[in-house]
Amino acid sequence: MIYPMAALVLLTFYVALRMFKARVSAIKGGQVAMEHFRTYATPSDQLPQAMVLSQRCYNNLLEMPILFYAACITAMVTQLTGIFMLTVAWLYVACRIAQAMLHLRGKIRWRMRSFMASSVCLLLMWGVLVGASLAR
């Protein structure tokens, strides 16, 4: 379970780097004033799309994946790390990678589908954990 978590951590850092590059590019290009980063009060429709998409993608990687990390750690602690859980964990990561890449490109329809698929994977993982707990 540590490898799927590590893969998601790497994805998060990749998106953070993309976000940083988009911000630096926007500042150097004169599209955004440094003052924006003091309060983030500039409306998103006045910011470069690459900057907005990378920021939102990064935020997404700090939301639902928290439940994934908790499920993986719980699975390791309770020794529920069998092939099913590992497969579903990797499927979750694959869906989140797809979602992030689609998000960064501004593709809405397939991004939503990959999000829903990742949510199903996460629900399956928690179902296994709760089911095993109830069976004890």
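Below, the figures for the structure above:
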{"quantity": "Likely footprinting exposure, Lys21, Lys28, fewest C-beta neighbours within 10 Å first", "calculated": "Lys28, Lys21"}
{"quantity": "Dipole of the chain [Lys/Arg +1, Asp/Glu -1 at C-beta], most positive-end residue of Ser118, Thr74, Val128", "calculated": "Ser118"}
{"quantity": "Proxy reagent accessibility, fewest Cβ within 10 Å first, across Arg136, Arg23", "calculated": "Arg136, Arg23"}
{"quantity": "Highest-MSF residue in the chain out of Phe20, Phe37, Phe68 [GNM, Cα springs under 10 Å]", "calculated": "Phe37"}
{"quantity": "Structure-derived Cα extents along the principal axes in Å - corresponding label in [x] 60, 28, 22; [y] 48, 30, 27; [z] 50, 25, 21", "calculated": "[x]"}
{"quantity": "Test item: Cα-centred dipole of the chain, Lys/Arg +1 and Asp/Glu -1 on Cβ, debye", "calculated": "340"}
{"quantity": "Of the DSSP H helices in the chain, those whose Cα atoms cover at least 20 Å axially and whose Kyte score averages -1.0 or more", "calculated": "2-28, 83-105, 109-135"}
{"quantity": "Within a Gaussian network of the chain (alpha carbon springs, distance under 10 Å), most fluctuating of Ala117, Ala41, Ala26", "calculated": "Ala41"}
{"quantity": "In nm, spacing of pseudo-spin labels at Trp90 and Met64 (7 Å Cα→C-beta vector)", "calculated": "2.1"}
{"quantity": "Extension gain from Asp45 to Ala16, taking 0.36 nm per residue of separation minus the Cα-Cα distance", "calculated": "8.3 nm"}
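Read the figures in this text as sums done on the coordinates, not as results from a lab. Being a predicted model, the structure only gives us computed values, none of them experimental. Positions of Cβ are generated from backbone atoms using ideal geometry, with glycine treated the same way; all protein chains shown enter the neighbour counts.
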